[in-house]
Structures are given as structure tokens and as C-alpha cells.
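One structure is given here, and the rest of the page talks about it.
FYI, it's all coordinate maths here, none of it is from the lab. From a predicted model like this one, the values you see are computed outputs, not experimental measurements. In this analysis, Cβ positions are derived from the backbone assuming ideal geometry, glycine residues included, and neighbour counts consider all displayed protein chains.
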Amino acid sequence: MLHVVDHPLIQVELTALRDRNCPGSAFRQHLRRIASLMVPAVTADFATRPVPCETPLEITTGVAAERSIVLTPVLRAGLGFLDGFFDLLPQASVAHIGLARNEKTLLPESYYLKVPPNLADCEVILLDPMLATGGSAVEALRNLKKAGAKHLRFVCLVAAPEGIQTFQDAMPDVPIFTAAVDRCLNDKGYILPGLGDAGDRLFGTT
Ligand code: PRP
Ligand code: URA
């Protein structure tokens, strides 16, 4: 259930984005392009159903997506993934989850949840660039399941082995898609080599 989306174009963008001298404007562009490049892998097994299609010459059979898609960014850093997913999935709805990691305990504190109706019938894609201890992703998925979500997957940019373990122990039914698996966490819960604080770099709050 761990998919490392390891494409050369993604790795080049990721290298540029990790650079401490990468300015916020470029950071946002790299993240958006990586998100778009990950979409085909993340959606590769989405179900379709046959539908009639009338071309200018005859009637044939095409396909339509079986389920609606709900993109779910974890505030704040998940917002950095949103436009890249929207570029390829413009018909998607958006749920928002507000979580902030307590810097002392490293535990996620939940402050907002807004989801569209009929979540149970939708493909719900949870978006957060960073999987560090795994606490935020697990809490977000618990909230989404409580709200009715049944078809879930999680997309991140960089994952720490510790976070992957915690995630898979708590949510064995939810696949993870990541562009990279990094080495470990430091004693402040930051991913090494990582990229620093994704939310701060995206929104200039360092
Ligand atoms: C970051 C990141 C994840 C979380 C990951 O958000 O975007 O949500 O930390 O850490 P974890 O796996 O140890 O839970 P943060 O809480 O810093 O909030 P922000 O996006 O508002 O900066
Ligand atoms: N959150 C981040 O933004 N970066 C990390 O390295 C860990 C958690």
C-alpha cells in the first residue's frame, strides 16, 4: 500500500524545491508541477463505467468516472498540492481539514473540517506534502472516516519511515502515494534531509 511515485521529472522538481535558497514563488510552482505529475499514478486504478459517446460520424462507447473526486488538503501545506491536482481533475470538489502540529508534543490539533455531501460515494484524496510522525495524516483520516468517507488515499511529497510505519499501523486500508521516502526524523520531528517547514516555505511565514 506504499507507492513511491519515482519519475525523473518529479525528482528534478523535488531537488529544486528542497534547496534552502528556493524562494517561495518557485517553491509553489515546483510543488504544483509535482502534484500534477503525481495525478496519473494516484488515480490509475479509479473505476470507470461505459457511456455512449456520439462523435460527428457515429455513436461509440466511451467511459465516465464511476465516482466523484474530493480533494482534501490539510491546512496549510496541503493547499500547495491543490492547484496541481485541480489542473488535471477540474471537476473535483474540495474538503478542507485544519490541523496544526503542537510543536512541543508533536501531536496534531484539529481546528477545522468542512466536507461536501455524499462523501461515502466519492474517491477522497487526502493531500499533505509532509508525512513526518504520521500523527496529522492519521488524525485527518479519522476525521474523514467519521464524516463518512469510504474510498480514501493519501498523497504526500516526502515521507519519513517513522510516519509510514505509524500510518500503516493505524490505517492499513489507505494507500500512500509519495514522491520520496527520506531517511528519518530529527529530535524536533522534522524530516531529514526533508525540506524544512512546508507551510512556512509556501506562505512566507518563516
Ligand atoms: C505540517 C505538515 C503536516 C504535518 C506533518 O503541518 O504539513 O500537516 O506537519 O507532521 P506529522 O506527520 O508529524 O503530523 P503543520 O502542523 O506544521 O501545520 P502548517 O501546515 O499550518 O504549518
Ligand atoms: N512538517 C513539515 O512541514 N516539515 C517537516 O519536516 C515535518 C513536519
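List of remarks:
- Think of the chain as having a plus end and a minus end, set by charges on the Cβ of Lys, Arg, Asp and Glu; of GLY204, LEU131, MET1, GLY204 sits farthest toward the positive end of this dipole.
- Cα-based reach from LYS104 at 13 Å (exclusive), listing aspartates and glutamates while leaving out same-chain residues under 8 positions away: ASP187
- Each DSSP beta bridge with both residues in segment 68-179 is either parallel or antiparallel, and the antiparallel ones are about 25%.
- Loop-resident sites, segment 80-155, for trypsin sites (Lys or Arg not before Pro), counting at most 12 other Cβ within 10 Å (DSSP): LYS104
- Descending Cα extents along the principal axes, the chain, whole Å: 63, 37, 28
- Mean residue ellipticity (222 nm) of the chain, computed from DSSP H runs ≥ 4 via -39,500 (n - 2.57), nearest 500: -10500 deg cm²/dmol
- The dipole here belongs to segment 75-206: it is taken about the Cα centre, uses +1 on the Cβ of Lys and Arg and -1 on the Cβ of Asp and Glu, and is about 240 debye.
- Beta bridges by DSSP in the chain, antiparallel share as percent, to the nearest 5: 40
- Ranking of ARG18, ARG183 by neighbouring Cβ atoms within 10 Å, starting from the fewest: ARG183, ARG18.
- Among ASP128, ASP19, ASP45, ASP182, the order by Cβ neighbours within 10 angstrom, fewest to most, reads ASP45, ASP19, ASP182, ASP128.
- Placing unit charges on the Cβ atoms of the charged side chains and taking the dipole of the chain about its Cα centre, the candidate lying farthest along the positive direction among PHE167, GLN11, SER36 is PHE167.
- Our summary gives the chain a relative contact order of 22 percent, counting only alpha carbon pairs under 8 angstrom and 6 or more residues apart.
- Taking label points 7 Å from Cα along the Cα-to-Cβ direction, ALA26 and LYS188 give a separation of 2.3 nm.
- Between ALA64 and LYS145, full extension at 0.36 nm per residue minus the direct alpha carbon distance yields a gain of 26.6 nm.
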